[in-house]
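Let me begin by presenting the structure, written as structure tokens, before commenting on it.
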Amino acid sequence: MEFSHISVLLKETVDGAFTDPKGVYADLTTGGGGHSLELAKRLDGGRLICFDQDREALEAAGERLKGYPVTFVRRNFCEIKNVLAELGIEALDGIIADLGVSSHQLDTAERGFSFHADAPLDMRMSGEGLSARDVVNEYAEEDIARILFSYGEEKFGNKIARGIVNARLSAPIETTGQLAEIIKASVPAAYRREKNPCRKSFQAIRIEVNHELDVLETALADGFDALRVGGRMSVITFHSLEDRIVKNRFREFCTGCTCPPEFPVCVCSRKPRGRLVDKKPITASAEELEANPRSRSAKLRVIEKIRMSALDD
């Protein structure tokens with residue numbers, strides 16, 4: 001099966017999370033298996049758990065990773081706690097996650113992720129449940145506007161939401177091409193000339209369809225809990241909303257005393273559970289940017305677990 005995807009920050013991501021060739025690791029966003037393969041090659045007596053909701057992705061990764069000690073799990077990564085319990089795994093040595101939509105999903109028109117081709121409105125990572133068609137045809141105008149502003153940071157969200165609701169009065173909005181034309185017609189001409197006005201709205205609807213920010217919060221918390229002391233987590237983000245969540249969650253893991261500054265001594269006894277491996281996010285090199293323009297917005301953050309509990313000595 002052809003599942004084209006160029007792994008972003010490949011070596012940096014695996015280097016960040018890899019600690020022991022005999023360890024147990026999880027790739028929370030397997031996709032075509034690029035990061036998984038790089039990690040699996042380094043194992044010597046270890047094990048890798050590969051998560052993905054996308055059946056096609058896991059099938060492609062299965063072919064790519066034949067012969068390696070890999071367990072494939074078709075589940076959302078927010079279920080990491082339950083999956084590890086089902087597999088009898090007590091702790092992980094490392095976790096990697098690439099939060100970007102894969103090139104295969106973007107370039108496969110019928111998946112409905114891209115505004116560059118006309119296809120049925122879908123955008124479901126898993127192929128199941130709520131679709132983009134449901135959102136644009138069934139959500140109230142104020143809810144569509146909220147999604148566009150909150151998840152796409154779209155300043156013309158109110159106008160676009162009104163355009164969507166007005167258009168669907170005549171007939172349901174069925175395709176990505178129809179939605180793209182409605183978005184373009186709803187924003188000022190000057191805004192259309194600056195850049196494609198569909199990008200933010202399509203991103204926002206995709207996030208809503210897949211509950212991406214909510215499941216990310218859960219996966220980060222439960223994933224960090226699942227790490228053994230000395231284990232590491234590498235996470236690549238591609239837009240500010242994801243990166244803010246990862247940055248803030250990692251900061252929380254690295255925070256010790258939370259007593260008010262006027263207290264003469266600490267009474268909470270809270271200690272940091274993690275440490276940032278790099279103070280600033282890692283970004284793509286000039287060579288990678290030239291080879292893969294989609295890497296331009298990627299940010300990699302890596303954290304190491306240094307304590308099981310904030311109250312441990």
Please report the projected area of region 29-71's Cα convex hull averaged over all directions, in nm². 2.5 nm²
Stokes-Einstein translational diffusion, region 119-213 - Kirkwood Rh over all Cα pairs, 0.692 mPa s, 37 °C, in µm²/s: 252 µm²/s
Quick one: which residues, 5 or more positions from residue 65 or on another chain, have an amide H under 5 Å from its amide H? H modelled 1.01 Å from N in the peptide plane, none for Pro or chain starts. none
Contact order normalised by residue count of the chain, Cα under 8 Å, 6+ apart, percent: 18 percent
Excluding ligands, DNA and RNA, the carbon-plus-sulfur percentage of the accessible area of the chain with a 1.4 Å probe reads 50 percent
Rounded, prolate or oblate (a/c below 1.5 giving rounded, otherwise prolate when a/b exceeds b/c) for region 1-66 by Cα gyration tensor: prolate
Highest-fluctuation residue, 143, 27, 225 considered, GNM on the chain with Cα pairs under 10 Å: 143
Per-residue ³J(HN,Hα) for region 15-27, Karplus 6.51 cos²θ - 1.76 cosθ + 1.60, θ = phi - 60°, Hz, x for Gly and Pro: 4, x, 9, 7, 10, 7, x, 9, x, 10, 10, 9, 9
Going by alpha carbons, how many degrees (0 to 90, nearest 10) lie between the helix axis of 55-64 and the longest principal axis of the chain? 50 degrees
HN-Hα couplings for region 141-153 via Karplus (6.51, -1.76, 1.60; θ = phi - 60°), in whole Hz with x for Gly/Pro, come out as 4, 5, 6, 5, 4, 4, 5, 4, 6, 6, 9, x, 6
Under 17 Å from residue 195, Cα to Cα: lysines that are on another chain or at least 8 residues apart: 155, 184
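Quick one: putting +1 on the C-beta of Lys and Arg, -1 on the C-beta of Asp and Glu, what dipole do you get for region 44-162 around its Cα centre, in Debye to the nearest 20?
60 debye
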Estimated vicinal HN-Hα couplings, Hz - region 241-250 in sequence order (Karplus 6.51, -1.76, 1.60; Gly, Pro = x): 5, 4, 5, 5, 5, 5, 4, 5, 5, 5
Comparing 193, 275, 47 in a Gaussian network model of the chain (Cα, 10 Å), the one with the largest mean-square fluctuation is 193
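The values are calculated or read from the model by the stated rules, or taken from the named source; none is laboratory data. Quick caveat: nothing in here was measured; it's all calculated off a predicted structure. Reconstructed Cβ throughout: ideal geometry from the backbone, glycine too, with neighbour counts over all protein chains shown. Note: accessible area is taken over every heavy atom of the protein model, side chains too, but ligands, DNA and RNA are not part of it. Shrake-Rupley method; radii C 1.70, N 1.55, O 1.52, S 1.80 Å.
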